[in-house]
Structure formats: C-alpha cells, structure tokens
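Worksheet: the structure to be examined is printed underneath.
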Amino acid sequence: MRLPTGLKVALLAALLTLAANLAVVGFIRWQTYDDSAARIHREVIEEAAVLEAVYATGDEAALRRAITDILAVRDPHYFAAILDPSGRPEAGPEAGNVAAIGRRPAPGYRIGRLRPRGAHASVDAAYTLRRLDGGDWLLSGRSFGQRLAFEQTLERALLLALAIAVLLGLGAGYVLARYVNRRVRDIATVADRIGDGDMTHRVPLSGGDDAFDGLARQINRMLDRIGALMEELRLLTDCLAHDLRSPLGRLRARVDAALAAGDEARRDALLAGVTQEADSLMRILTTVLEIGRAEAMTPRAQFAPLDPGDLVAELAEMYEPIVEEAGVTLRLDRPAGLPPLVGHRQLLAQALTNLLDNALAYAPGADLALFARAEGETLRLGVADRGPGIAPEDRAEARRQFGRLNAARSTAGAGLGLALVEAVAHLHRGQLALEDNCPGLVAALVLPTGAGG
Amino acid sequence: MGRKILLVEDDRETADYLIRGLGEEGHNVEHVGDGREGLFLATGQSFDLVILDRMVPALDGLSVLKALRAAGVETPVLILSALASVSDRIEGLESGSDDYLVKPFSFAELLARVNALLRRSEARASAADPRLIVGDLEIDPLARTVKRAGRPIELKPREYKLLEYFARNKGRVVTRTMLLEQVWDYHFDPGTNVIDVHVSRLRRKLEDGFDEPILHTVRGAGYRLGQSG
C-alpha cells in the first residue's frame, strides 16, 4: 500500500509516542500493583503475629481482650474475629468485627470477600486464619478498600495519560509531517521550476544547518554547476553557429561564382576554393568533437609511455621549414634526462602544433622556443614566443572555446586552439599555463609526471 | 589492372558513387549493405581489398575487421568512418585496419589510398630488388642513399623517409593526409601547410640542376612522384 510520505511520517510518530507511553504506563501499573499487594500482605502477617503471640502466651480470654483493645482504635480497614469451627463469627463485641466470610475457613493467608459487622455489603480483604486449640478460628485481616480506591484512581489516571499520549502522538505526528512536507515541498517546487526550464531558482535554507539544509546546499551546488555548464554549452553553440556562418557564407558565394563562371580555368580555381572552405568547416567540427572527447576522458585508453623530449624534437623538425619560411627561428629546448610521460602522443602533438600555429599566427616575426622541461613533480611542454603576449586580464577569455582576442573573427581557423590544448592538458590531469615571457607569451601544458596512471 | 574489391557500405549514395568511381578505374567492386554479409563474403572469397564502413548494420565495421583478422584473413582493409576524432582513428587502426579514411572524403583521396593498399599487397607478394627506381632516380633503402642520373643527392632523414614513401607509390597520387599519417605518424589535421613546405623542399633538392620535373603537384589531390602509371 502506498501512503503519502506526510501521512507515513505522522503515523510513525504517533505509533512511536504510543509505544513509549504504553511502556511507561505498563511499568507504573505493574510496579504499584506489586508494591501495594506486597505491603498489605506484610501488614496482615505482622498484625496476625501480634494476636497469635497474645494467644500463645495467654489463653483465649486474653485473646478476646486483645481483640477488643485493638478494635477500640477503630481502624475501619482492620478486621479481627474469632470464628466457630464452621467459620461463622461468634456473637459479642469481644468476638470481633466480622459478620461473615465468603468461604469455608482454612488455615493460612488468603484474599477474599468478607462482610464487616453491621454492614450490608461485603468488602475485598486479605486475611489470615489460624485454628485455636478449641477448634475455633482466629481471623486477622485488612480490607482492600483503601488500596483498591488508590489503584483505581491510578489506573484511571494511567488510562487518561494514555489517551492524552495518543492525542499528543497524533498531534506531534501531524506537526512533524507538516514540517517534513514543507521542507520537501520547498525542494520539490525548485525541482519543478528547474524542470520547467527556469535555472535561476534555488532551494531556500532554513538557517538551522540541519540535514534538510545540507541537502538543499548540495542541490544548490549541483544546480550552480549545471547552470554554469549549460551556460558554457549555450555559448559554445552560439559561437559555433557564428563561426560556421562565415565559412559557409564564403562557401556559398564561391559556389555561386563557380556556377556563373564562363571559363573553365576560373571555375576550377573557384571550386578549389570551395574545397578549401569545406575542409576548414570539417576542421572546426572535428576540433569541437576532439575537445568533447578529450573532456570526456575517452582517449585515456590510448595512453602509452613516451619520451617528451623526442616528441618536441619531432615537432621542431616538422615545423622547421615552415618557421624558416616565416623568417623567424625556432629554438628547441629539451634538456637530457627528462622523466618519461604516459600520455596520448597524437593529442599532445596536436596540442603543441596548435600552440606553434598560434605563435606563428599571433606573434608574426617573433622568434619561438619549443620546450620540454621537468619542474618538480611536473613536466612543462609548450611554446614561448617574443610576440605581443596576452594581457593577464584577457587570459581567461583566450582559453574559452571560440574566444579570440583580436576582434577579427574572420581570420582563418576558429579560436578553438587553446580550448583544445586545455582539454588535452586536463586529459593528462594537467593544466594549461599562460604566462608572461617579458615580452611575449609562454603557453605550456603543465602535466604531472606519470599522468594517466 | 582490374582488382577485386569488396565494399561494405550501407549508405546507398556513397556506395553507388564508389562503385562507379572504382569501376571507372577498372576495378571489380562487389557491394554488400551489412556487416554480417560482408564478413561472410570476405572470409569465403578472396579479395584484393576490403573497403569497410565503420557503422554498418547487423555487425559493426570494427567487429567485422576483428573477426576477419581472427580468422586469419590478411586482405588489406580500408575503414571509412564519420568518426573523425584522433582517438577514433587510432582505435580504427589499432583494431587491425590498414588505413582509415574519414567521411566526407574526396574520391581522389580514396583512390590514392586504395591504390597504395593494392600496391602494398602486390609488393608483399613479390620480394623483388630492394632498390627503388623512379625514372632517373635511384633509391637504395638499405644504404639510405639517393642518386639522380647517377649524381648523389644529400637528404635529411625526414626528407629521405618522405621520398621513400613517394617512391614506393611511384606514379600514384599521394595525398597530404597520407603523408602526414605515413611519414610522420600523425593522425590529425594540422591546419597549416606544413606538409607542402616539406614537399617543396624535397622537390627543390630533387629537381635543382635538372630540367625534368619529377615530383609533381596534382591539383585538388596531392603529389605524385614520376609519371602517372
């Protein structure tokens, strides 16, 4: 059976209250009942012993005198009497204050009914009977009247207490359920609003620093993170759309021109341009995918040990002619004895070529250095140039996907370069560092040695 | 020189385009649309080359490839895939394919790779003279020396590697991506003309002092060493 959570909490609270109260009431009842029964037993035995002592030292006449004396005190709950062998009380004030006992006499302590002399109704009493020498019985006892009244009052009080406990339990359950419901509803409301697409809502904190506040804080943190990611994603798609628009526009223009071109050589030249634009579009998309995959850590499966010095040497050799054409020099900086690196050769090479391409594009005419250096527990792979550098306040923007510092977004190649480099650094549990080269820029992948382990 | 090629491709348009193009080149193309049938044919008959789309129904391309290699079929396999990231390419090559081509591709690129693969299986069959001769160019892979018309040419190690790859594919078009993959072992698009610069350096060393050009640029495709064959 499915019950609403509020009702369940209320029922549970009421049940727990009831159980606790039942236990307490039961304990009181048991303790007091036992106690009063034991006390009455003791009193009856003691008082009987007094009369028996009188009888043992004197005779039946002395006993009768003693009974008369005791009854003269007029304790209304005390009974003493001499009964004939059949159990009927003897007549006369010296024979006691009992009119009749409810059953046949037998020696020992018992609880039963007896009727006081001069009364019409029997009362509950505890008494002892002892056979005297002449066959008569000595009765000594106490009525339960007083105890019973006390116990009845107690019982009534306990029952009342129980009833109150049930009510209080239900009340407490109701209050608790309302409280829990309200806190849960706060969270549910926020979840609903978020579900409807309004990411700005957050769960209110009660300030009590309780488990609900802890949950609320966790949910809020999660929402902040999701919000940031969504914002980033939105920015990415916006920029992707923007960056795809211009090459697509050029592509279209070239196709149109080629369709209109009369002479074949001109048409071929225009179509070659179309291929170029299509390739650059493909490149943008591939890079975006590459960044996504690197961020998802998928390529980790292809990590292998590699020599970082060899990697930069290979790339320096690959770039040597292109650097020479650009009229600058590329210095290779790879000290001997570099620690080996466990990494993705292809992606590291791609990241470093991105840094080299960036340096060639944004620091034209400036000399470059491609380096692999060990620094403490890290390995620094990167490119240093003597170009204009990036102002410290612009460095965060430079890392963003599609962020491009110079306003000229029409320059070939989308501004995905540094974002890919950063994704590759993260893939290797490292960071992309952008530092001042005084003048110029140092862009380096700072990787922990033994990355990927 | 018609060769038997098995094409496993579920996209009708791509398949038609390849069947027509390869047919015009004189090849005999057998086409199936799903992986299970492809595996069945490739193990049952002998082909010179298998062109395998990575995402085909019934059994995906990489599984077909693994099953083929497990069955001891060593036919060269060219994988076609829309999965373009570096790690996808590496995964494709590591699973036993001989080449990996990302969609969309130009027919020139595909043809260059098909010819290189067919050529390789030929070369494997005939253990011939280790020297490579292209026109008046003579390359000795053991000594790593190069002579043109008897005159020695000094090459840097990478230039030599580049030339040797060209020579092994003499008379055929070699694309920039093929060079990047085969000579540098990089499977990403560098986005700059770095390959062109290396090729033009090599060309200068090969052609300086000679009237006859030997390393030709093929527009829209790549380069070719020697006369087209």
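Bear in mind that the values in this text are calculations on the coordinates, not laboratory data. All values derive from a computational prediction rather than experimental measurement. Positions of Cβ are backbone-derived with ideal geometry, glycine not excepted, and every protein chain shown enters the neighbour counts.
How well do other chains shield peptide A:343-350, expressed as the mean number of their Cβ atoms within 10 Å of each residue Cβ?
On the way: counts 0, 3, 5, 9, 6, 0, 7, 7.
Mean partner shielding for this stretch: 5.
If I take the Cα coordinates of the range A:245-403 and project them onto the principal axes, what are the three extents in Å, biggest first?
64, 39, 34
Between A:R131 and A:A38, what FRET efficiency follows from the Cβ-Cβ distance if R0 is 30 Å, with the result rounded to 0.05? Could you put the intermediate results ahead of the total?
Numbers: r = 26 Å, r/R0 = 0.87.
Efficiency for this residue pair is about 0.70.
For peptide B:78-86, how many partner chain Cβ atoms fall within 10 Å of a residue's Cβ, on average? Each step should come with its number before you reach the end.
Details: counts 0, 0, 0, 0, 0, 3, 7, 13, 14.
Partner Cβ neighbours, averaged per residue: 4.
Quickly estimate the mean residue ellipticity at 222 nm for chain A, helices only: each DSSP H run with n ≥ 4 gives -39500 (n - 2.57), and the total goes over all residues, rounded to 500.
Details: 9 runs with 251 residues, N = 453.
One gets -20000 deg cm²/dmol as the mean residue ellipticity at 222 nm.
Along its principal axes, what span do the Cα atoms of the range A:117-273 show, with the longest given first and each in whole Å?
On the principal axes, the range A:117-273 reaches 157, 30, 26 Å in Cα extent.
Stretch A:V175-A:F150 to full length: gain in nm at 0.36 nm per residue minus the Cα-Cα span? Working shown, then result.
Details: separation 25, 0.36 × 25 = 9.00 nm, distance 3.64 nm.
Gain on stretching A:V175 to A:F150: 5.4 nm.
For the range B:128-229, list log₁₀ I(q)/I(0) at each q in 0.22 Å⁻¹, using the Debye formula over Cα point scatterers of equal strength and ignoring solvent, two decimals each.
Those come out to -1.26, one per q.
Please report, largest first and rounded to whole Å, the three semi-axes of the ellipsoid equivalent to chain B, where each semi-axis is the square root of five times an eigenvalue of the C-alpha gyration tensor.
On the way: eigenvalues 221, 66, 52 Å².
Each semi-axis is √(5λ); the values are 33, 18, 16 Å.
What is the spin-label model distance, in nm, from B:S46 to A:R185 if the labels are put 7 Å beyond Cα along the C-beta direction?
For B:S46 paired with A:R185, the spin-label model returns 8.2 nm.
By a straight-distance test (C-alpha under 18 Å), which lysines pair with B:K170 as possible cross-link partners, with residues fewer than eight away in the same chain excluded?
Counting by Cα, and skipping residues close in sequence, B:K170 has these lysines nearby: B:K147, B:K161, B:K205.
Please give the per residue volume of the convex hull enclosing the alpha carbon atoms of the range B:46-128, rounded to a whole number of Å³.
Values: hull volume 8.7 nm³, N = 83.
So the per-residue Cα hull volume is 104 Å³.
Would you compute, from DSSP H runs of 4+ residues alone, the mean residue ellipticity of chain B at 222 nm, taking -39500 (n - 2.57) per run and dividing by the full residue count, rounded to the nearest 500? Could the numbers behind the result be given before it?
Details: 8 runs with 95 residues, N = 229.
Mean residue ellipticity at 222 nm (helix-derived): -13000 deg cm²/dmol.
Taking 0.36 nm per residue of separation and subtracting the Cα-Cα distance, what length does fully extending A:R103 through A:M230 add?
Details: separation 127, 0.36 × 127 = 45.72 nm, distance 9.35 nm.
Using 0.36 nm per residue and subtracting the Cα-Cα distance, I get 36.4 nm.
What does chain A give for Rg and for Dmax, in Å, if only its C-alpha atoms count?
Radius of gyration, then largest Cα-Cα span, for chain A: 51.1, 159 Å.
Average partner chain C-beta neighbours within 10 Å, per residue of A:314-325?
Numbers: counts 4, 3, 0, 5, 10, 4, 6, 10, 8, 2, 2, 4.
Across the residues of A:314-325, the mean count of other-chain Cβ atoms within 10 Å is 5.
Using only Cα atoms, locate the centre of the range B:48-62 and the centre of the range A:196-218, then give the distance between them in Å, rounded to an integer.
Here the answer is 52 Å between Cα centres.
Going highest first, how would you order A:270-281, A:221-232 by mean Cβ packing within 10 Å? It would help to have the intermediate numbers written out before the result.
Numbers: A:270-281: 16.2, A:221-232: 11.8.
So the peptides A:270-281, A:221-232, ranked by packing, come out A:270-281, A:221-232.
If you stretched the chain out fully between A:L7 and A:D198, how much longer would it get, using 0.36 nm times the residue separation minus the C-alpha to C-alpha distance? Each step should come with its number before you reach the end.
Details: separation 191, 0.36 × 191 = 68.76 nm, distance 3.09 nm.
Difference between extended and current length: 65.7 nm.
Say R0 is 30 Å: what FRET efficiency, to the nearest 0.05, do B:D136 and B:Q182 get from their beta-carbon distance? Present the calculation step by step, with values, prior to reporting the outcome.
Values: r = 25 Å, r/R0 = 0.82.
Efficiency computed from Cβ-Cβ geometry: 0.75.
7 Å from Cα along Cα→Cβ at both A:A241 and A:H426: what's the point-to-point distance in nm?
2.3 nm
Identify all aspartates and glutamates with a Cα-Cα distance to A:K8 below 20 Å; exclude those on the same chain that are fewer than 8 residues away in sequence.
A:D186
Looking only at Cα atoms, what is the convex hull volume of the range A:218-285 per residue, in Å³? Kindly include the intermediate steps, with their values, before the conclusion.
Working: hull volume 3.9 nm³, N = 68.
That works out to 57 Å³ per residue.
Regarding the range B:1-105, what is the average projected area of its C-alpha convex hull, in nm²?
Dividing the Cα hull surface by four gives the mean projection, 6.0 nm².
If you find the alpha carbon centre of the range A:337-406 and of the range A:111-135, how far apart are they in angstrom?
That distance is 113 Å.
So what's the convex hull volume per residue for the Cα atoms of the range A:1-41, in Å³?
Working: hull volume 1.8 nm³, N = 41.
Hull volume normalised by residue count: 45 Å³.
Over the range A:38-168, what portion of Cα pair distances is larger than 23 Å, expressed as a whole percent? Working shown, then result.
Working: 2925 of 8515 pairs.
Result: 34 percent of Cα pairs exceed 23 Å.
Cα extents of the range A:1-111 along the three principal axes, largest first, in whole Å?
Cα extents, longest axis first: 80, 24, 24 Å.
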